[in-house]
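Notes follow once the structure below has been shown.
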Amino acid sequence: MAIILIGGSCNAEKNGAAEANNNSLERKLEIGRHEKLAVIKKQADSHLADFFTDGCSGGLSAGWEYLAGKVQNLQSVHGTRPPWESCCIEHDKLYHSAGTMETSAEQSFTLRQQADMGLKSCVFETGAIRVPELAAEYDLSSKEVELVYTAIAELMYRAVRLGGMPCTGFSWRWGYGWPSCE
């Protein structure tokens, strides 16, 4: 659990309540979509398509590649693909199958949360590995590099929580390997 410091005092209890409320709201907003996906997965004519990935969805990998082609320093320091792209691909594998054919809606909701937290952790860990290199390259402290990667990981987490619900029709939705259920 994250601990928020406000005015020098620890506010972990308030943050924990906010996380619980957020989880409850997410469940209310999407559990019906997980139920629809569970029905689709069990239909006789339904099958899981072959796995494919676009790297980091929402245009992140494509945009990175474009910018790396235009900004030489970005390419020389970070490469032509996002440094955390392997995290996205592992995340996509989980999103593709969305559990098994027998996964209940509640299990599906939990598995999606776990996949999204895994993405967040992986992106942060990618930054942790790169701290010495990036601190030297940009004349930043280790703490500043960690803060940047914390922000990137949090933004990606929030983006997948918002845009990755099942049954949206998006190519990056939870269960995208199954027929659309919108």
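A search for C-beta distances below 7 Å between a residue of the range 140-161 that is polar (S, T, N, Q) and any residue that is surrounded by 13 or more Cβ atoms within 10 Å (Cβ to Cβ), counting only pairs 6+ apart in sequence or on different chains, returns S141/A135; S142/V131; S142/A135; T150/F124. Scanning the range 134-156 for residues that are buried (at least 18 other Cβ atoms within 10 Å of the Cβ) and not hydrophobic (A, V, I, L, M, F, W, C) gives a single hit, Y149. Every condition in (1) over 19 Å from F52 (Cα atoms); (2) buried (at least 20 other Cβ atoms within 10 Å of the Cβ) holds for W174 except the one numbered (1).
Condition first: small (G, A, S) and either surrounded by 18 or more Cβ atoms within 10 Å (Cβ to Cβ) or closer than 18 Å to Y149 by Cα (or both). Now tell me which residues in the range 64-88 satisfy that.
Here is the first cut: in the range 64-88, the residues small (G, A, S) are 68-69, 76, 79, 86.
If the condition is that a residue be small (G, A, S) and either surrounded by 18 or more Cβ atoms within 10 Å (Cβ to Cβ) or closer than 18 Å to Y149 by Cα (or both), then A68, G79, S86 are the ones that fit.
For the range 124-182, filtered to residues that are touching a Lys or Arg at 6+ places or on another chain (Cβ under 7 Å) and outside any helix (DSSP H, G or I), the residue that is farthest from N22 (Cα to Cα) is W178. Is one or more of the residues making up the range 112-122 in a helix (DSSP H, G or I) and farther than 20 Å from G175 by Cα? Yes, because at least one residue in the range 112-122 is in a helix (DSSP H, G or I) and farther than 20 Å from G175 by Cα. Right, V131: modelled with pLDDT of 95 or more, among the β-branched types (V, I, T) and crowded, with 20+ Cβ neighbours inside 10 Å or not? It is false that V131 is modelled with pLDDT of 95 or more, among the β-branched types (V, I, T) and crowded, with 20+ Cβ neighbours inside 10 Å. Between E35, E26, the distinction of being charged (D, E, K, R), within 18 Å of the chain's Cα centre (by Cα) and either within 18 Å of S180 (Cα to Cα) or modelled with pLDDT of 75 or more (or both) belongs to E26 only.
The values are calculated or read from the model by the stated rules, or taken from the named source; none is laboratory data. Bear in mind the structure is a predicted one, so any value in this text is a computation, not a measurement. We place every Cβ from the backbone using ideal geometry, glycine too, and count neighbours over all the protein chains shown.
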